[in-house]
Amino acid sequence: SFPTRRSSDLFISKAEDVNGGKLFVSKLEGFEPSMVKTALDTISTKLGNSVVVLVSVINENQISIGAKVSDNFIAKEINAGKIVQKIASLTVGKGGGRPNFAQGGGKDSSNLDNILLEIKEELKRGLN
């Protein structure tokens, strides 16, 4: 997964405090879907109660989307499947899954930074 423990800790330090835990939304480069799933598991384990959203740009017309939501946030109606569906729909893709874990893919990464910013702000509003 991550090259060193230190780089993974540095990466995870970007998590933001929200009411009830942590919010982590990030873009990755070159992570295949299976690597995105591993990264989601690693980060959510380290953060505990959390909402983790990762989007990896694999190449110019392929992105991998993943989200993992802990039970306490599912109780607040945060849904990993809906988060992934929304990002997928904005990136010419498809995806979905369960409230606690979802994956999908997209094709258009041109507006990804803005999309992730919007998702993060929307989640922060819903969590605080």
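Among 37-45, 61-69, 77-85, 119-127, the peptide with the highest mean count of other Cβ atoms within 10 Å heads the list, and the full ranking is 61-69, 77-85, 37-45, 119-127.
Taken one residue at a time, the phi angles of segment 43-49 give Karplus couplings (6.51, -1.76, 1.60, θ = phi - 60°) of 5, 5, 5, 5, 7, x, 4 Hz. Gly and Pro are set to x.
This model, with +1 at the C-beta of Lys and Arg and -1 at the C-beta of Asp and Glu, gives the chain a dipole about its Cα centre of some 260 debye. At q = 0.09, 0.11, 0.12 Å⁻¹ the log10 of I(q)/I(0) for the chain amounts to -0.21, -0.32, -0.38, computed by Debye summation with a single uniform scatterer per C-alpha, solvent ignored.
In this structure, the amide hydrogen of Lys107, modeled 1.01 Å from its nitrogen in the peptide plane, lies closer than 5 angstrom to those of Ile63, Val92, Gly93, counting only residues at least 5 positions away or on a different chain. If you count the DSSP beta bridges with both ends in segment 10-128, what percent of them are antiparallel, to the nearest 5? Percentage antiparallel, nearest 5: 70. Amide H to amide H, with H built 1.01 Å from N, Val18 comes under 5 Å of Leu23, counting only residues 5 or more places away or on other chains. For the options Gly96, Gly105, Gly30, a Gaussian network treatment of the chain with springs between C-alpha atoms closer than 10 Å singles out Gly30 as fluctuating the most.
In the elastic network of the chain, a GNM with C-alpha springs shorter than 10 Å, the most mobile of Asn114, Asn72, Asn49 is Asn114.
Bear in mind these aren't lab numbers, they're just calculated from the coordinates by the rules spelled out. In this text, all values refer to a predicted model and were calculated from it rather than measured experimentally. Using ideal geometry, Cβ is built from the backbone for each residue, glycine included, and neighbour counts are taken over all protein chains shown.
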